[in-house]
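Asker: What follows is a single structure, and I will ask about it in a moment.
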């Protein structure tokens, strides 16, 4: 029924438009045929099914007699057949537009991936050159801009490299530690605005342990690390308080601030033993009329 009504609608359209054209060979191309009214019928059948399948069935809104139930799909198919060319062309146009959008999105994604790879490669190369103790210090601004634009995965890799470089040089080669400072600063100022307490802590350590310690900035960075750690509910990382206590002693800050950090760090047994042996802590306790053992308790 739908096929018949759609074909009839297609014939009505061609009668209004060009009149009936029989199937014939194309005079300009003997190998090509033009289907004429057969093509119009095919368009009509397609349009009939498109309309019948897409439009909702509203038979429940009219009198549900057998005649009306029969006429409704017939009328829909007839209308669809009459507008078959437009319906099919519109459907094909929508498919083509969707395909173009998909291709455009894929191309944009590919371009973005290439840009990310290039940025990451540049950042890694500049960092490795900068941390090479046998090479001259690189252009700091170029280095930092490359790090800021790097992806999260690459920034994590850079963080690990800079941390290991700092840890391996802080005792014997403090002059090399300075090379990690612009790296940690750029990691903190990343373009994505991501915040990690470990990065602030590593910057604080580097500022504290370089040849000419910057106690004030080191104290501030360690304070940020402690705040971010606590905000995220992370446990441990008591080296933050241990090192901030040293900075506080060097800056001659209020006794209670330093005491809070000492007692917090003492919750880690190794740090408690270390503070009992370090002159910074022993001298500070004596200046305040106590011994470090009294502050930490007699049992190491």
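Read the figures in this text as sums done on the coordinates, not as results from a lab. These numbers were taken from a predicted model, which means no experiment stands behind them.
Asker: For the stretch 107-296, place one equal point scatterer on every Cα, skip the solvent, and apply the Debye formula. What is log10 of I(q)/I(0) at q = 0.11, 0.12, 0.19 Å⁻¹?
Answerer: Scattering profile of the stretch 107-296, log10 relative to I(0): -0.55, -0.64, -1.25.
Asker: Ok, one more. Classify the stretch 230-300: rounded, prolate or oblate, from the alpha-carbon gyration tensor (a ≥ b ≥ c, eigenvalue square roots; a/c under 1.5 rounded; otherwise prolate if a/b is larger than b/c)? Display every interim value, and only then the final one.
Answerer: Details: a/c = 2.07, a/b = 1.33, b/c = 1.55.
Because a/c hits 1.5 or more and a/b fails to exceed b/c, the stretch 230-300 counts as oblate.
Asker: Moving on. Any chance you could check the Cα centroid distance between the stretch 227-247 and the stretch 180-216 for me, in angstrom?
Answerer: Cα centroid to Cα centroid, the span is 14 Å.
Asker: Taking square-rooted eigenvalues a ≥ b ≥ c of the alpha carbon gyration tensor, is the stretch 160-273 rounded, prolate or oblate, where a/c under 1.5 means rounded and, failing that, a/b exceeding b/c means prolate? Mind showing how you got there, number by number?
Answerer: Details: a/c = 1.61, a/b = 1.22, b/c = 1.32.
Here the stretch 160-273 falls in the oblate category.
Asker: Now for a different question. Suppose the chain between residue 101 and residue 254 were pulled fully straight at 0.36 nm per residue; how much longer would it get relative to their current alpha carbon spacing?
Answerer: On the way: separation 153, 0.36 × 153 = 55.08 nm, distance 6.38 nm.
Taking 0.36 nm per residue and subtracting the Cα distance, the gain is 48.7 nm.
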